[in-house]
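As structure tokens, the structure follows; a few thoughts come after it.
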Amino acid sequence: MSRTHRLFQLMQALRLGPGPHTAARLGEELGISARSIHRDIATLREMGAVIDGAAGYGFTLIEDNALPPMGFRDTELEALVLGLREVEQIGDPELAKAASEALRKLQARLPSRQAHRLRHAVLAPYRFDRPIPPAISAQELRQATWDEVEVRFGYTDGHGAATERQVKPLSVVYFDRSTVLIAWCCLREAIRVFRLDRMQELQITGQSFRPQRVPMLRDALEQFRHEHRQAARRTCKD
């Protein structure tokens, strides 16, 4: 491959995964020697790329505004457009607006041929029934989930029973007709799922549960998978 193409491929490889990436592994992936990787790393640094690390420790790319935007294959671009347009339809107002802005920014930075492909994409999602709008600020809830702080809210279940809940928010999930929060419920002392349209008066407590969110979410998803397998077995027996 040409040197220019090789440098581009190296940038792509550095962007994949958190790093550090060793020269040996990068060389094996690109089909060149580790010595060539070290030379190419030096060249990329001279071109403005901020790459942390050194020989023997591995390299990590730190994104830099001076770098050109990452290129996309046509199929990757179609997947991005399809996903963002889906978010425009199912996301809460703030998320839907962010998806629209992301599409405009993407179109402005693409080469003319791909910008045309984005404007006239052949793939498009359409939902006749959109999720019920949340009754609280989904943006605040997402931020609390990222910040790993407990939240408090009023909740009305499917039978009309009202309770006050304080939970450790783990993940927001968009289903076909509703948006739900997966959380550890301090009242029930167990994983619970709450519909955002049944929540009222969201409060951010500031009480941190970091760094528990990721392992707790992993356990919750495993619990759901187990329950699904159990239900499938009962159905087969019936």
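Quick one: which residue in Leu196, Leu187, Leu181 is in contact (Cβ under 8 Å) with a residue 12 or more places away in the chain and more than 19 Å from Ala138 (Cβ to Cβ)?
None of the other options fit; the residue is Leu187.
What are the residues in region 96-114 that are modelled with pLDDT under 85 and either loosely packed, with under 13 Cβ neighbours inside 10 Å or small (Gly, Ala, Ser) (or both), if any?
Step one: list which residues in region 96-114 are modelled with pLDDT under 85, which gives 105-114.
If the condition is that a residue be modelled with pLDDT under 85 and either loosely packed, with under 13 Cβ neighbours inside 10 Å or small (Gly, Ala, Ser) (or both), then Lys105, Ala108, Arg109, Pro111, Ser112, Arg113 are the ones that fit.
Against the definition (at pLDDT below 85, assigned to a loop (DSSP other than H, G, I, E, B) and among the aromatic types (Phe, Trp, Tyr)), how does Phe72 come out, yes or no?
For Phe72, the condition - at pLDDT below 85, assigned to a loop (DSSP other than H, G, I, E, B) and among the aromatic types (Phe, Trp, Tyr) - is met.
Quick one: in region 148-190, of everything that is acidic (Asp, Glu) and under 24 Å from Ile90 (Cβ atoms), which residue is surrounded by the most Cβ atoms within 10 Å (Cβ to Cβ)?
Looking at residues that are acidic (Asp, Glu) and under 24 Å from Ile90 (Cβ atoms), I get Asp157.
Can you name the condition, by its number, that Gln89 falls short on among (1) free of Cβ contacts under 8 Å to residues at least 40 places away in the same chain; (2) open to solvent by less than 30 Å² (accessible area, probe 1.4 Å); (3) not charged (D, E, K, R)?
In the conditions (1) free of Cβ contacts under 8 Å to residues at least 40 places away in the same chain; (2) open to solvent by less than 30 Å² (accessible area, probe 1.4 Å); (3) not charged (D, E, K, R), Gln89 misses (1) alone.
Can you find even one residue in region 116-124 that is open to solvent by 60 Å² or more (accessible area, probe 1.4 Å), free of Cβ contacts under 8 Å to residues at least 12 places away in the same chain and not in a loop (DSSP other than H, G, I, E, B)?
yes
All but one of (1) farther than 17 Å from Glu86 by Cβ; (2) in a loop (DSSP other than H, G, I, E, B) hold for Arg127; which doesn't?
If we test Arg127 against (1) farther than 17 Å from Glu86 by Cβ; (2) in a loop (DSSP other than H, G, I, E, B), just (1) comes out false.
Counting residues that are modelled with pLDDT of 85 or more and open to solvent by 30 Å² or more (accessible area, probe 1.4 Å), which helices (runs of 4 or more DSSP H) fully inside region 1-49 reach at least 3?
Per the criteria, 23-30, 34-46.
The values are calculated or read from the model by the stated rules, or taken from the named source; none is laboratory data. Worth saying up front: this structure is predicted, and the values here are computed from it rather than measured. Please note: Cβ atoms are built from the backbone with ideal geometry, for glycine as well, and neighbour counts cover all protein chains shown. Each accessible area value is taken on the protein alone, full model and side chains, heavy atoms only, with ligands, DNA and RNA left out. Shrake-Rupley method; radii C 1.70, N 1.55, O 1.52, S 1.80 Å.
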